[in-house]
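*Asks:* I have a structure here, written as structure tokens, and I will follow up with some questions on it.
The values are calculated or read from the model by the stated rules, or taken from the named source; none is laboratory data. Note that this is a predicted model, so its numbers are computed, not measured. Counting neighbours? That spans all protein chains shown, and the Cβs are built from the backbone with ideal geometry, glycine included.
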């Protein structure tokens, strides 16, 4: 379905090898896990066993040292296999949230945690979002109070994917009250903590949700939850800067996940349109069916170029200082927006192409359609990207 | 105890790039063959052969000195070699033929392999019993014949004793299995049940990119790969005619009788 000219040999190697692992997990696996809301732990384990969770981690820490261009291709291939956003989310944080740890963590943190994450023994979740601080990260309220050689964490996190199955959380919490910081971007710190449900002060609740039901998303409550002081990653108060670096990378990964979902849905729609015969002809012969699908394909292809351009810029920016933070931010946000919209369009049209059958779980397109709302909303809404482009590219006055 | 150099095993695994087993093949409009503009991957029997070589090294440790893979094919066949290297082979040889050339036939392939084995030190050849594209199932036997080596075809279990320079092979034969003992050097062809190949891991895929891949031409080996057979026509099997539905067992039995099937 997707045109693969122009990709690098390594990207194509990643694509075929990941597809091979995914081929052991057919759509019925994902249907069952979606319906029963059970964690796809066999899938996570299979990817870990074949070494994929370390794709973008440095080689000296047991990873493969590839870039976001390859990690994006991996995430796309996962969702495109039919695993959808559920499959992608079951490993997303392990690939992505470990980046700041690899870069800013001390030797003992990286050497104890990363090999176990890569091998699949431990899973990781990312604890940033709060009920009253979604996009407005700087207003985070969860507080980690230093108390001798421990911190005590109090506050609430929300939409924490995989918290039920994760051993570790990358937690962003305030360590200096907002009215005492010198700069608004300071006062937050990043921690790599154990999620020990047996210890006092930690509670979590699963959120019932629209799509990606195989993978748990949670509210997590901390009440004087004690964490050792050495779980701090990097410098205290510099947490926001540390995670900011990874945000552009996450835009790329999510764009890739959206693309995969869109191509999976479109491929299924085209197959159905070819086979389904009404009035003695395949419905795909009708332009009312074929044109929306052709249009959806071009939208996906356009978003694909934007996505892999952004990923390439992200990787190149590590060495090429002529790539500005502005260009990179614009490219990554635009790519996420375009991929999310293209995936939604493809998924919606795939359902409509199937007519009544599109509403049945057996045909998968309803599952992908439900999941196609995720990249439109997370990790940043489409409206906030439109605001960002309005302000940073069109230089229009900020609306908020 | 370190094995002496005389007892070290050098394994050669010939592999073929073939249309992927999951692809629905279609005859081309000219009826000269099938549409090749589809996904290709390593012939599944060859995957089993590579896996067996890698497993053999796990079992025999240092006694396996080298695992070399070889393919004859167009430039893209290099991908298949990289896959084999990612699975654990040490080095690869690509006998490259132009994209437009016809696919070589078993005798041509066996001759090229025999020539290659003259140059390389090989104690054991492990190869697929057949390729899933032409299903010829001849190359291993022809190679053993040309080299005047023993052959153990359709292997479902392989034990090698490097000290004694011999191998015990369980073969799949009609009505069961047959155990044979052979002297090395030896040609083994793999059956489906020999092992279950593992997926290459990402770190091994990356390592494979740095492993040596030597390119040769048929001329380098002074072999002629010109086909000796002429394909006259390739056609699809006749389309299946849909069956009918019966309401109950009695009706089914009646229909079967009508069609001439009767209980013995």
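*Asks:* If you scan region A:1-28, which residues turn out to be touching a residue at least 24 places away in the same chain (Cβ under 8 Å) and over 23 Å from residue B:208 (Cα atoms)?
*Replies:* A:1, A:2, A:3, A:25, A:26, A:27
*Asks:* Yes or no: region A:239-259 includes at least one residue that is in a strand (DSSP E or B) and either under 15 Å from residue A:79 (Cα atoms) or in contact (Cβ under 8 Å) with a residue 24 or more places away in the chain (or both).
*Replies:* no
*Asks:* Filter region B:27-46 down to the residues that are farther than 18 Å from residue A:20 by Cα and within 14 Å of chain A (Cβ to nearest Cβ) and list them by number.
*Replies:* Of everything in region B:27-46, just one residue is farther than 18 Å from residue A:20 by Cα and within 14 Å of chain A (Cβ to nearest Cβ), namely B:37.
*Asks:* Check region B:215-233 and report whether any residue there is surrounded by fewer than 13 Cβ atoms within 10 Å (Cβ to Cβ), closer than 26 Å to residue B:138 by Cβ and within 14 Å of chain A (Cβ to nearest Cβ).
*Replies:* No, because not a single residue in region B:215-233 is surrounded by fewer than 13 Cβ atoms within 10 Å (Cβ to Cβ), closer than 26 Å to residue B:138 by Cβ and within 14 Å of chain A (Cβ to nearest Cβ).
*Asks:* Please enumerate the residues belonging to region B:133-150 that are out of contact with any helix residue (DSSP H, G or I) (no Cβ under 6 Å at 6 or more places or on another chain), closer than 18 Å to residue B:25 by Cβ and surrounded by fewer than 16 Cβ atoms within 10 Å (Cβ to Cβ).
*Replies:* Across region B:133-150, the qualifying residues are B:134, B:135.
*Asks:* Another question about this same structure. Looking at this structure, is residue B:15 buried (at least 22 other Cβ atoms within 10 Å of the Cβ), away from chain A (no Cβ under 14 Å) and either touching a strand residue (DSSP E or B) at 6+ places or on another chain (Cβ under 9 Å) or under 21 Å from residue B:208 (Cα atoms) (or both)?
*Replies:* yes
*Asks:* Say we look at region B:108-140 and pick out the residues that are part of a helix (DSSP H, G or I), under 15 Å from the mean Cα position of the chain (by Cα) and touching a residue at least 40 places away in the same chain (Cβ under 8 Å); which of these is nearest to residue B:72 (Cα to Cα)?
*Replies:* Selected residue: B:109.
*Asks:* Filter region B:157-166 for residues that are crowded, with 17+ Cβ neighbours inside 10 Å and either within 14 Å of chain A (Cβ to nearest Cβ) or in a strand (DSSP E or B) (or both) and give the result.
*Replies:* If the condition is that a residue be crowded, with 17+ Cβ neighbours inside 10 Å and either within 14 Å of chain A (Cβ to nearest Cβ) or in a strand (DSSP E or B) (or both), then B:158, B:160 are the ones that fit.
*Asks:* For region B:184-200, give me each residue that is at the interface with chain A (Cβ under 9 Å from one of its Cβ atoms), touching a residue at least 40 places away in the same chain (Cβ under 8 Å) and crowded, with 19+ Cβ neighbours inside 10 Å.
*Replies:* Within region B:184-200, just B:200 meets the criteria.
*Asks:* On to the next question. What about residue B:181, is it at pLDDT 95 or above and out of contact with any helix residue (DSSP H, G or I) (no Cβ under 7 Å at 6 or more places or on another chain)?
*Replies:* For residue B:181, the condition - at pLDDT 95 or above and out of contact with any helix residue (DSSP H, G or I) (no Cβ under 7 Å at 6 or more places or on another chain) - is met.
*Asks:* Scan (1) surrounded by 17 or more Cβ atoms within 10 Å (Cβ to Cβ); (2) over 20 Å from residue A:86 (Cα atoms); (3) modelled with pLDDT under 95 for the single condition residue A:399 breaks and write down its number.
*Replies:* In the conditions (1) surrounded by 17 or more Cβ atoms within 10 Å (Cβ to Cβ); (2) over 20 Å from residue A:86 (Cα atoms); (3) modelled with pLDDT under 95, residue A:399 misses (1) alone.
*Asks:* List the helices (runs of 4 or more DSSP H) inside region A:48-135, counting only whole elements, that have at least 3 residues being in contact with a helix residue (DSSP H, G or I) (Cβ under 9 Å, 6 or more places away or on another chain), under 22 Å from residue A:335 (Cα atoms) and away from chain B (no Cβ under 14 Å).
*Replies:* A:68-78, A:84-96
*Asks:* Do we have any residue at all in region A:21-31 that's surrounded by fewer than 23 Cβ atoms within 10 Å (Cβ to Cβ), on the phi > 0 side of the Ramachandran plot and either modelled with pLDDT under 95 or not in a helix (DSSP H, G or I) (or both)?
*Replies:* no
*Asks:* Quick one: in region B:201-214, of everything that is in contact with a helix residue (DSSP H, G or I) (Cβ under 8 Å, 6 or more places away or on another chain) and within 30 Å of residue B:101 (Cα to Cα), which residue is nearest to the other protein chains (Cβ to nearest Cβ)?
*Replies:* B:205
*Asks:* I would also like to ask the following. Would you mind stating whether residue A:5 is in a helix (DSSP H, G or I), surrounded by fewer than 20 Cβ atoms within 10 Å (Cβ to Cβ), out of contact with any helix residue (DSSP H, G or I) (no Cβ under 8 Å at 6 or more places or on another chain) and away from chain B (no Cβ under 12 Å)?
*Replies:* no
*Asks:* What residue, among those in region A:58-117 that are within 20 Å of the chain's Cα centre (by Cα) and at positive phi, is surrounded by the fewest Cβ atoms within 10 Å (Cβ to Cβ)?
*Replies:* By that ranking, first place goes to A:65.
*Asks:* Scan region A:182-200 for residues that are in contact (Cβ under 8 Å) with a residue 24 or more places away in the chain, exposed (fewer than 14 other Cβ atoms within 10 Å of the Cβ) and within 28 Å of the chain's Cα centre (by Cα) and jot them down.
*Replies:* Within region A:182-200, just A:184 meets the criteria.
*Asks:* Of all the residues that make up region B:71-103, how many are assigned to a loop (DSSP other than H, G, I, E, B), away from chain A (no Cβ under 14 Å) and at pLDDT 95 or above?
*Replies:* So the answer is 5.
*Asks:* Determine which member of the set A:203, A:179, A:230 is part of a helix (DSSP H, G or I), surrounded by fewer than 24 Cβ atoms within 10 Å (Cβ to Cβ) and without any contact (Cβ under 8 Å) to a residue 40 or more places away in the chain.
*Replies:* A:179
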